[in-house]
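Right, one structure below, let's go through it.
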Amino acid sequence: MTANTAAKGVRISAASGDAEEFCNLINGEPVRSASGALFDNQNPADFAETVGRFQASTEADARAAVEAAATAFESWKKTSISKRAEVLNRAADHLEARADQIAREMTREMGKALNLARDEVMRSAQTLRFYAVEGQTLTGEVFPNDDADMTVYTLREPLGVVSVITPWNFPLSIPARKIAPALITGNTVVFKPSSDAPLTGYRLAEALIAGGLPKGVLNFITGKAGEIGPAITEPPVIRAISFTGSTAAGAQICRAVEFTTRTQMELGGKNPLIVIDDADLDLAVDLAIKGGLSLAGQACTGTSRILVMRAVRAAFTEKLVAKVKAMKIGSGLESGMDIGPLATAKQLDTVLRYIAIGKREATLLCGGERLAGPAYDRGYYVSPAVFTDVTQEMTIAREEIFGPVLAIIEVESYADAIAKANDTEYGLSAAIATRNPRLMHAFADDIQSGTVKINRTTTGNLVNAPFGGLKRSSTSTFRESGRTGLEFYTQIKTVYRGV
Ligand code: NAP
């Protein structure tokens, strides 16, 4: 151990009570930051509780993580594919065996309901297992040619050191769907989780290291983006960056890198649900609530605009408001709650600011209050808001809010709905509720969105299917998830082999 390495999970005395300190994991070792400083990870349902204390890393710490990954690359690249797959499978076992504990920690650090957190742990394990198999089927191609003594074929090889930078809303499944394809294809990784939910990411890194990853193949580092961001995104050592987060941060990273750095940016959204006048309105209301308000509206694919045809607007709105008013709001650790707290103080400020704007622009039908009382005073709770009379030019119709806020926009026809749904800089996910097969078919063609849902919520995507956005929701280069998730992490060589 060097001077700043430490046993992981050191218990220390924190001002806000007893909280565990978590180290960076660099070159297979728990390492303290050279800064000697820590930051607190707080529970958004009870901000008096510190869930863990993490390293406020410096640029030098980040450079050490990149160097460890660079040193480990040649050997990991040559490690057999079946050994790489074994690591992923053992890490999946590790996560599944600790699913209850990790789910609880996830709920405590970012607020989502315990059952959703547990689902996320299991889905992340499934992702690791998927790539353990799918990664072994990635092949090149053989090309016919006129020279009988020559074989022409492509090889797929890993890129080198890649950076994985992730947000707080899916703190396990997003890192898993980026890291697993990177590792199985032979890359080494520097992983920076969100400063607002680093513990779950730590558990993933721990699982992979426990699963047998050699030293330096995965390096986990925490700290503020401004401090460590440049070192973990800088060319030429960093060959690729897989980033999920806000469009502003993604654009900033893209501007700073060179054309030799491959980027995969999964960014913001302003996702529409279109309700046609033939729709099953109970289903449509369900789609709006599940798609827009689960995770307190903090899903990148969450429904935020509801484009309803005039003929059913009143009936739809009445049903929606009645159901939204009946939603139970409380800690994700309590069973039976429909909606939990917002994940951070910053998120609370942002959401309340947009609700204030919405009140000036449109008509608030329910919710939109910061909740008070013994169950709420120490958490970031806002009652879900439904706005109506929303029009295209309004701020709440255009900007990503990332909170429990639904905006109802009246439309006259399918064509009007499509025009309004597409009138946005984003294109992440979009849904339609209709019984008309012709419109179902047309919608998939007409909507400018990377994910298209028909009589399903805008949220949710499969581990084995491609995922990503259009327009400013993504770099539109390489899709995540499924087989396409592997392609991002490999480069092609064309070989001409004579006898
Ligand atoms: P964020 O503020 O952009 O942060 C995302 C991650 O990037 C964090 O780890 C952050 O670190 C880091 N970061 C920010 N600027 C950076 C820079 N210049 N260099 C390196 N790292 C940088 O986003 P968030 O608030 O965590 O997440 C919410 C956003 O994510 C929403 O816009 C949502 O739509 C989007 N999202 C998109 C998807 C998708 O698949 N399209 C999925 C989930 C979320 P710190 O935490 O230290 O600041």
With a point put 7 Å past each Cα toward its Cβ, work out how far I357 is from S75 in nm, to one decimal. 5.1
Would you please give the FRET efficiency between A444 and R378, computed as 1/(1 + (r/R0)^6) with r the Cβ-Cβ distance and R0 = 41 Å, to the nearest 0.05? 0.35
Taking just the C-alpha trace of the chain, give me its Rg and Dmax in Å. 23.4, 81
Heavy atoms of the protein only, probe of 1.4 Å, neighbouring chains included. What is the accessible area of M122 in Å², nearest 10? 70
Report the gain in length on full extension from D282 to T484: 0.36 nm times residue separation, minus Cα-Cα distance, nm rounded to one decimal. 69.2 nm
So if the hydrodynamic radius of the stretch 271-462 is defined as the Kirkwood radius over C-alpha pairs, what does Stokes-Einstein give as its diffusion coefficient at 10 °C and 1.306 mPa s, in µm² per second? 96
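Okay, helix-only estimate at 222 nm for the chain: each DSSP H run of n ≥ 4 adds -39500 (n - 2.57), divide by all residues, round to 500 deg cm²/dmol; what do you get? Before the final figure, lay out the partial values.
Working: 15 runs with 187 residues, N = 499.
After summing the helix terms and dividing by the residues of the chain, the value is -12000 deg cm²/dmol.
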Filter the GluC sites (Glu not before Pro) in the stretch 296-400 down to the DSSP loop ones having no more than 15 other Cβ atoms within 10 Å, then list what survives. E334, E369, E393
Only bridges with both residues in the chain count here: give the DSSP antiparallel percent, nearest 5. 45
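Nearest 20 debye, what's the magnitude of the dipole of the stretch 271-462 about its Cα centre given +1 on Lys and Arg Cβ and -1 on Asp and Glu Cβ?
Numbers: 20 positive and 23 negative charges, 90 e Å.
The calculated dipole for the stretch 271-462 is roughly 440 debye.
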Lys, Arg +1 and Asp, Glu -1 on Cβ, resulting dipole of the chain about Cα centre, debye, nearest 20: 380
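Any chance you could list the semi-axes, whole Å, largest first, of the equivalent ellipsoid that the Cα gyration tensor gives for the stretch 116-198, using √(5λ)?
Details: eigenvalues 257, 44, 12 Å².
Value: 36, 15, 8 Å, ordered largest first.
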Among GluC sites (Glu not before Pro) in the stretch 221-302, those in a DSSP loop whose Cβ has at most 12 other Cβ atoms within 10 Å are E258
What is the distance in Å between the Cα centroid of the stretch 49-123 and that of the stretch 343-381? 32
Show the residues, 5+ positions off or on another chain, whose built amide H is closer than 5 Å to the amide H of L307. L273, I274, V275, I409
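Report the far tail of the P(r) of the stretch 351-438, meaning the percent of Cα-Cα pairs longer than 20 Å.
Working: 1668 of 3828 pairs.
More than 20 Å apart: 44 percent of the Cα pairs in the stretch 351-438.
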If you plug each phi of the stretch 311-320 into the Karplus form 6.51 cos²θ - 1.76 cosθ + 1.60 with θ = phi - 60°, what whole-Hz ³J(HN,Hα) values come out, in order, with x for Gly and Pro? 4, 10, 4, 5, 5, 4, 4, 4, 5, 4
How far apart, in nm, are two points set 7 Å out from the Cα along the Cα-to-Cβ line at C254 and at A322? 4.5
Of K192/K270; K224/K453; K270/K359; K178/K290, which ones are farther than 29 Å apart at the Cα? K224/K453
Residue by residue through the stretch 403-411, which ³J(HN,Hα) values in whole Hz follow from phi under the Karplus form 6.51 cos²θ - 1.76 cosθ + 1.60 (θ = phi - 60°), with glycine and proline marked x? x, x, 9, 10, 10, 8, 10, 7, 10
Taking trypsin sites (Lys or Arg not before Pro) as exposed when in a DSSP loop with at most 14 other Cβ atoms inside 10 Å, the chain has its longest clean stretch at 1-223
Please turn the phi angles of the stretch 176-182 into ³J(HN,Hα) values with the Karplus equation 6.51 cos²θ - 1.76 cosθ + 1.60 (θ = phi - 60°), one per residue in order, whole Hz, x for glycine and proline. 5, 6, 9, 6, 4, x, 5
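The values are calculated or read from the model by the stated rules, or taken from the named source; none is laboratory data. Small disclaimer: the values here were computed from a predicted structure and weren't measured. Glycine gets a Cβ as well: all are built from the backbone with ideal geometry, and neighbour counts include every protein chain shown. Accessible surface areas use protein heavy atoms only, side chains included; no ligands, DNA or RNA. Shrake-Rupley method; radii C 1.70, N 1.55, O 1.52, S 1.80 Å.
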